[in-house]
Amino acid sequence: MSTASSTASIPLGVQPFSKKKAATWLLIIGGVLLAACLGGGNVGIVFALLIALMLTGIPVSIALGLTVLMFMFLLTNVPVEAVALKLFTGIEKFEIMSIPFFILAGNFLTHGGVAKRMINFATSLVGHWHGGLALAGIIACAMFALVCGSSVATVVAIGSIVLPAMVKQGYPKRFGAGVIITAGSLGILMLPSIPKVIYAISTNTSIGALFVAGVMPGMLLTVMLCGTTWYIARKNNYPRLPKATWKQRWQAFRESVWGLMLVVIIIGGIYSGIFTATEAAAMSAVYAFFISTFVYKDMSVKNTPKVLMTSAAMSAMLLYIVTNAVLFSFLMTHEDIPQLMADWILHKDLGQVGFLFFTNILLLLAGNVMEPSSIILVMAPILHPAAIRLGIDSVHLGILIDANMEVGLCHPPVGLNLYVASGITKMSITELAVAVMPWLITMIVFLIIVTYWPWLSLYLPKALGMM
């Protein structure tokens, strides 16, 4: 193979390591991992194996499964049958069924014209302000997040419509991309959310309480992102749209109300006890199909199999990650690692303030190398016991973890929102990473508020009697 072809995959501006430098780094990393194995006991061995496998470039989900298999077969007497059985029983939980249903609902909403009508309604409200179209994009993301549960689906649904319109109106492409990337992260904070379901399964927390607990933090983040956007737009004199009349606003609301009714179905159904959170997910999927096909008619019946296939593929990918992470949780429980870690944390006398700060740093670092579902399944069983013993509410911890996952979605190297936006805008990841900075700083400030103001997360579920 020629030199040119062997270096073709290296990004521009990145110099490959020399053999000597690469060998030095390998020795350093190997030494650190060996020290962790020798000094950390079983805990050190487990995490050293996981990190070593991830450093080879193996996907996180496979690295989790291989870590379990290698540790169990080489260092324990656990029979093979127990591991095989756990692969199946680990995801035999009724709550996990909500994941494919929410994915299906999100895909129906994306293809069914719901996002377009939400954008029109938001534009009629704030389009005449400085940066009106960008503000409408944020509000539309918040409305779509109330019924969707997926950050990526929110970026695709809203971004594919708003970003081209913003460029056409004369907004800089980087500005529009920064707005939608960060506003799209609301998809996992507001009402339904796949990361919330995974956290609830990992920690036996009420899914309904977690859904409702994200509403007020989501509203605060929406206002903060709008404030940042308005300030930048006003400073740079970005375009404004003509002010809509009350008649136009009412018409836009009437067109979008079918999609917004999903909020009533989810909250009303769970609060009244008519159905559980999992059944709410199934109802959402059925309702989203109905309004997309028979009310808005933006999606024909013949396109339904394609949406079902896409949803099945996404669900299979996510459930594969969940399965391996559940297996990893089984290993940690078998070795009593969560309790050992909880004892270690408590012996450091960090207190609530110090523990929450430590948790944020740990989760933000994990967000650089892992996607949200894997982080929650690995970290939640470790952090949850220590948080409970320190008097931190399980629902508050869940929303805090969710807020950290939002930040991780918006910065490289594994920020999914960046890659989705890159596909829409044709901008490089480096350009987008710079473009999101003003809003990313806003999100860090929001994270601090959520961390140290538990009332924001707990008021609504307590007021509705869910806690």
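Coordinate-derived values only; no laboratory data. Because the structure is a prediction, the values reported are computed rather than measured. Because the Cβ atoms are built from the backbone with ideal geometry, glycine has one as well, and the counts that use them run over all protein chains shown.
By counting other Cβ atoms within 10 Å of each Cβ, how are 409, 458 ranked from fewest to most?
458, 409
Amide H to amide H, which residues 5 or more places from residue 171 or on other chains are under 5 Å from it, using H placed in the peptide plane?
Close amide H contacts, sequence-distant or interchain: none at all.
Holding the Cα-Cα limit at 27 Å, pick out from 243/297; 116/302; 168/426; 247/306; 168/302; 116/306 the pairs that are longer than that.
In this structure, 243/297; 247/306; 168/302 lie more than 27 Å apart at Cα.
If I take all pairs of Cα atoms in the chain, what percentage of them are more than 31 Å from each other?
It works out to 45 percent of all Cα pairs.
Explain nothing, just compute: Karplus ³J(HN,Hα) = 6.51 cos²θ - 1.76 cosθ + 1.60, θ = phi - 60°, for every residue of the stretch 167-174 in order, whole Hz, x for Gly and Pro.
4, 5, 6, x, 6, x, 4, 5
Under the definition of Cα pairs under 8 Å and six or more residues apart, what whole-number percent is the relative contact order of the chain?
It comes to 22 percent, rounded to a whole number.
Given a Förster radius of 25 Å and the C-beta distance between residue 319 and residue 204 as r, what FRET efficiency does 1/(1 + (r/R0)^6) yield to the nearest 0.05?
Efficiency, rounded to the nearest 0.05: 0.80.
Could you quote the convex hull projected area for the stretch 155-262, Cα atoms only and averaged over all directions, in nm²?
Taking a quarter of the hull surface, the average projection is 8.4 nm².
How tilted is helix 416-425 with respect to the longest principal axis of the chain? Cα atoms for both, answer in degrees (0 to 90, nearest 10).
With rounding to tens, the tilt is 40 degrees.
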